[in-house]
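S.K.: Take a look at this one; I'll ask things after.
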Amino acid sequence: MAQQLSVFLENAPGRLNRLANCLGEQEINMHALFVADTSDFGVARIICDRTEDAVKALREEGFSVTTTDVVAVEIPDTPGALGTLFTAIADAGIDISYSYCLVEPVTKKAVNFCRLKCPNAEEVIEAAGFRVLGDSVFHGM
Amino acid sequence: MSHQYNPSVESMPAAQLQALQQDQLRQLVPHLYQAVPVYKHKFDQAGIDPFALQSLADLAQLPFTTKDDLRAAYPYAMFSAPTRDIVRVHASSGTTGSISVVGYTTKDIANWAECVARAIVAAGGTADDFLHVAYGYGLFTGGLGLHYGAELMGACVIPISGGNTKRQIQFLRDLMSTGGLACTPSYALLLAEEAAAQGVDLAALPLRFGIFGAEPWSENMRSQIEAQLGIDAYDIYGLSEIMGPGVAFECQAKDGLHINEDQFYVEVVDRETGECVQDGQYGELVFTTLAKQGSALLRYNTHDISRIVPGVCSCGRTHKRIERITGRSDDMIIVRGVNVYPSQIEQVLLGFTDRLAPQYQVVLTREAAMDAMEVRVELSPNFDFDEISALERLSIEVRTAIASVLSVSVKLSIVEPYSIARTEGKAVRLVDRRTAE
């Protein structure tokens, strides 16, 4: 499982700006950012290199932050790769709450992050032939 | 007669209490007619003979004294004692308008201290206790009111006043071996929040009781305060026009506030007709100050909405009880023709403390000649909001609950924790931008 930061955001100008600058000032490197929004509020989900430091810094800035475990799966950055992964998840009868990707253009590899409603999702996905990444992969990146 | 400062008065037989009130009133009415031109004018206009007043029931014939009367009399025209006998003035906080000034004689200050001493003892305070008074000291009656009452019953006052919340936590932690806290209920919650931020567990301190007033609060807010501070929380009622805090107070039964009836005569009147209602019916509280010298008032209409709690209190006191104040009828807002009290919204929001923080603000605007009401409430720092659906579910539940209580739909904005400005005195719960636009 990879540790993801979830940050509550009011739908107001300057909120993402403050979030990004707060992490930047602490020299924290974001690998992936995914903002889900409604008309009234948003939630920013972040994968970064120093999760604990990020939680502390953001809380000191007054942000509401929680951490969530998400499944990180390595896939090739090629057409159809994501479809194959989602088919395997769907075939196992697992619900996806949300999902987003990180792409490395040079190596042509991608990582898909998803929150799954299933305690042994990682085993199921590995059994389907995918490489599941642990949290440590994203630290020091 | 446990927890009574002055049992012979507080538990006086009802008939004796009534006779006392009648005697005081028979002296007060002619005195005010002669001493205060405003009253002479009122009586003459209404064709009432102040010397003919016989019983308490006759009082209902007299006209009300209003906030406007006090404002028009600014600063001293309604004082009922010579200014050389006045030893102190206080002024109203002017929640809804301009200032009114009230004067106190030496005897008034002593009587007031007695009222507050009764409230502190009723909350469980003893001469061995400390009382941390975080009400503002000054023209506002909160600080000095609690101060003199605590000294009279023998507690040790910590006159810290409002403000400097960090230092408040330090004093609560270091100075108080045992005792109580007095401030506004919203400030009590702010203190709990600040303590948590400093890693101080208020519930683990020897603080036993709190006396909270100067703004309406709900039963849910009481539970919040009691849980977060680890204390018993008691309501105290008063307003500077009548005296200050201590006009009425809660006892251990927490079932209504006993009016200090040996000093104040209460009537509950219909909002529309001004007629007295039956005991138990809701209406506006009207007070006559029976013992005051400096600024005595006849039938002052507070516009505070409450009712007389029926029955006899288990604590043994004979003095009548009023229910906690629902709101002040001039705090009442009319949104698209529907009457709304901010306290009703608070009651709803405090039912969601698993997900919302007890901090909110109501913002009124006018869009295309239509009133719009926005309720801004903070997300609880402990709520796991990662799934948008959990936030949306919360938003729908809260909107539905508010709509069912108010019969009017609202825009709900769930905002970030700690984003609504905190105050050290009365909380700013209502922002009305309708007139400014």
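Quick note: the coordinates plus some simple rules give every number you see, no bench work behind them. The structure displayed is predicted, hence computed values, not measured ones. Cβ: placed from backbone, ideal geometry, glycine included. Neighbour counts: every protein chain shown.
S.K.: Rounded to the nearest 5, what is the percent of antiparallel bridges among the DSSP beta bridges in the protein assembly as shown?
M.R.: 75
S.K.: If one computes the Cα centroid of the stretch B:151-180 and of the stretch A:53-94, what distance in Å separates the two points?
M.R.: 50
S.K.: Give the average, rounded to an integer, of partner chain Cβ atoms located within 10 angstrom of each Cβ in B:392-399.
M.R.: Averaged over the peptide's residues, the number is 1.
S.K.: Can you give me the Cα centroid spacing of the stretch A:95-141 and the stretch B:259-301 in angstrom?
M.R.: The distance from the Cα centre of the stretch A:95-141 to that of the stretch B:259-301 comes to 71 Å.
S.K.: Under the classification rounded if a/c is under 1.5, otherwise prolate if a/b is larger than b/c and oblate if not, where does the stretch B:1-135 fall, given a ≥ b ≥ c as square roots of the Cα gyration tensor eigenvalues?
M.R.: oblate
S.K.: Please say if the stretch B:86-196 is rounded, prolate or oblate, where rounded means a/c under 1.5 for a ≥ b ≥ c the square roots of the C-alpha gyration tensor eigenvalues, and otherwise the choice is prolate for a/b larger than b/c and oblate otherwise?
M.R.: Verdict is oblate for the stretch B:86-196.
S.K.: Working from Cα positions, state the angle (0 to 90°, nearest 10) between the long axis of helix B:106-122 and the longest principal axis of chain B.
M.R.: For B:106-122 against chain B, the angle is about 50 degrees.
S.K.: Considering only DSSP beta bridges whose two residues both sit in the stretch B:1-330, what percent are antiparallel, to the nearest 5?
M.R.: The antiparallel proportion sits near 60 percent.
S.K.: How shielded is A:27-38 by partner chains, expressed as the average number of their Cβ atoms within 10 Å of its Cβ atoms?
M.R.: The mean count of partner-chain Cβ atoms within 10 Å per residue comes to 1.
S.K.: How do B:52-63, B:121-132, B:255-266, A:71-82 rank on mean C-beta neighbours within 10 Å, highest first?
M.R.: Going from most to least packed, we get B:255-266, B:121-132, A:71-82, B:52-63.
S.K.: Return the FRET efficiency for the residue pair B:V38, B:A204: r is the Cβ-Cβ distance, R0 is 51 Å, and the value is rounded to the nearest 0.05.
M.R.: 0.40
S.K.: Further question on the same structure: Charges at C-beta only: +1 for Lys and Arg, -1 for Asp and Glu. How large is the resulting dipole of the stretch B:25-77 about its Cα centre, in Debye rounded to 20?
M.R.: 140
S.K.: Once every Cα of the stretch B:1-330 carries one equal point scatterer and solvent is ignored, give the base-10 log of I(q)/I(0) from the Debye formula at q = 0.14 Å⁻¹, two decimals.
M.R.: Evaluating at q = 0.14 Å⁻¹ gives log10 I(q)/I(0) of -1.09.
S.K.: Can you find, among A:F34, B:A296, A:A110, the residue sitting farthest towards the positive end of the charge dipole of the protein assembly as shown, where Lys and Arg contribute +1 and Asp and Glu -1 at Cβ?
M.R.: B:A296
S.K.: On alpha-carbon atoms, Rg over Rh for the stretch A:70-138 using Kirkwood Rh?
M.R.: Result for the stretch A:70-138 is an Rg/Rh of 0.93.
S.K.: Any number yet on Rg/Rh for the protein assembly as shown, C-alpha, Kirkwood?
M.R.: Value, to two decimals: 1.10.
S.K.: Cross-link candidates for B:K67: which lysines have Cα within less than 27 Å, leaving aside residues fewer than 8 places away along the same chain?
M.R.: B:K40, B:K42, B:K107, B:K292, B:K320, B:K426
S.K.: So, in Å, what gap is there between the alpha-carbon centers of the stretch B:374-426 and the stretch A:1-46?
M.R.: Here the two parts' Cα centres lie 20 Å apart.
S.K.: Something else now. Averaged over its residues, how many other protein chain Cβ atoms are within 10 Å of peptide A:60-72's Cβ atoms?
M.R.: Across the residues of A:60-72, the mean count of other-chain Cβ atoms within 10 Å is 3.
S.K.: Mind checking the angle between helix A:81-91 and chain A's longest principal axis? C-alpha axes, 0 to 90 degrees, to the nearest 10.
M.R.: 80
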